[in-house]
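A.B. asks: Before we start, here is the structure in question, set down as structure tokens.
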Amino acid sequence: MTEDIRFEVDGAVATITLNRPLKLNAVTPEMAKAIVAAVEECNESDTIRVVIVTGAGERSFCAGSDIKELDTYETPWQFRNRSDYCDAIRKLLKPTIAAVNGYAFGGGLETAMSCDIRIASENAQFAAPEIKLGWIGGGGMAAFLSHSVGASNAALMLMTGDPISSEKALAWGLVSEVVPQAELLARARTIAGIIASRAPIAAETAKLNLQAAVSMPLDKAIEYERDLQTICFATDDAKEGRAAFKEKRQPTFRRR
């Protein structure tokens, strides 16, 4: 794995850090492949329950793809079929938290939106600047923005390419919390710890349920939710949860 990606595991929480701060954590093809490898390791692990995605340094979460690397693709079709880091983050089975420090531009914004929960530092900025260079985003930019901030706000970001502040991102619903820079990673770890303490199958199922909720018609989404609930209800964790409630104690969950 390239040194431009740090992958660390602390108990049940894994952290993927984009580690190219001098280049605003812009992603190279080599970094994208390393992110794919880290995601595979998380998905295969029975102990990792939550994944935090963040950027090294204080200036940038991720400035998107390294523009200088884009001309290395021999054809547009090769570019179309590249290893994409946003696709990789969306393939994480475990709940994900984006700890957005500084710039989340282009693919960096798409990476943040590919996570389930987003918290931001006070200096964070969010932008879809591709239009300023003659193209548009390709990692789910329009779909995610329209779901997160509404059609008009999405259009404003996509068609101007101008950044918005963390405060506006919070007001628009793009992020859940804004915290001081120095407290960002600690807050992300606190949230991760809470999620990791819950029943892991239920947490992963909740993620599946949320994904279905935005892509299915309402009646089918409710039907799917009922099916997922039934699957969870049949697990040992659910049995332990009911027993702990009756016995007035904290449940001890295991992955079963």
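The values are calculated or read from the model by the stated rules, or taken from the named source; none is laboratory data. The structure presented is a predicted model; accordingly, all values stated were derived computationally and were not measured. Positions of Cβ are backbone-derived with ideal geometry, glycine not excepted, and every protein chain shown enters the neighbour counts. In case anyone asks, the SASA skips ligands and DNA or RNA and just uses the protein heavy atoms, side chains included. Shrake-Rupley method; radii C 1.70, N 1.55, O 1.52, S 1.80 Å.
A.B. asks: From the list Glu44, Glu58, which residue is closer than 28 Å to Thr160 by Cα, charged (D, E, K, R), over 15 Å from the mean Cα position of the chain (by Cα) and open to solvent by 10 Å² or more (accessible area, probe 1.4 Å)?
C.D. replies: Testing whether each residue is closer than 28 Å to Thr160 by Cα, charged (D, E, K, R), over 15 Å from the mean Cα position of the chain (by Cα) and open to solvent by 10 Å² or more (accessible area, probe 1.4 Å) leaves just Glu58.
A.B. asks: What is the one condition in (1) closer than 18 Å to Phe126 by Cβ; (2) touching a residue at least 24 places away in the same chain (Cβ under 8 Å); (3) open to solvent by 40 Å² or more (accessible area, probe 1.4 Å); (4) touching a helix residue (DSSP H, G or I) at 6+ places or on another chain (Cβ under 7 Å) that Val175 does not satisfy?
C.D. replies: Result: Val175 fails condition (3) only.
A.B. asks: Filter the stretch 9-56 for residues that are β-branched (Val, Ile, Thr), under 27 Å from Ile194 (Cα atoms) and in a loop (DSSP other than H, G, I, E, B) and give the result.
C.D. replies: Within the stretch 9-56, Thr47, Ile48 meet the criteria.
A.B. asks: With the checklist (1) open to solvent by 60 Å² or more (accessible area, probe 1.4 Å); (2) out of contact with any Leu (no Cβ under 9 Å at 6 or more places or on another chain) in hand, flag the one item Phe79 doesn't pass.
C.D. replies: Of the numbered conditions (1) open to solvent by 60 Å² or more (accessible area, probe 1.4 Å); (2) out of contact with any Leu (no Cβ under 9 Å at 6 or more places or on another chain), the odd one out for Phe79 is (2).
A.B. asks: Can you pull out every residue in the stretch 68-121 that is of a type in the set (S, T, N, Q) and assigned to a helix (DSSP H, G or I)?
C.D. replies: Hits for the stretch 68-121 are Thr72, Gln78, Thr111.
A.B. asks: Give Ala238, Ala244 a once-over and let me know the one that is farther than 30 Å from Ala56 by Cβ, buried (at least 18 other Cβ atoms within 10 Å of the Cβ) and either at pLDDT below 95 or more than 22 Å from the chain's Cα centre (by Cα) (or both).
C.D. replies: Being farther than 30 Å from Ala56 by Cβ, buried (at least 18 other Cβ atoms within 10 Å of the Cβ) and either at pLDDT below 95 or more than 22 Å from the chain's Cα centre (by Cα) (or both) holds for just one of Ala238, Ala244, which is Ala238.
A.B. asks: Of the numbered conditions (1) without any contact (Cβ under 8 Å) to a residue 40 or more places away in the chain; (2) open to solvent by 40 Å² or more (accessible area, probe 1.4 Å); (3) more than 30 Å from His147 (Cα to Cα), Gln229 fails exactly one; give the number of that condition.
C.D. replies: So Gln229 meets the others, but not (3).
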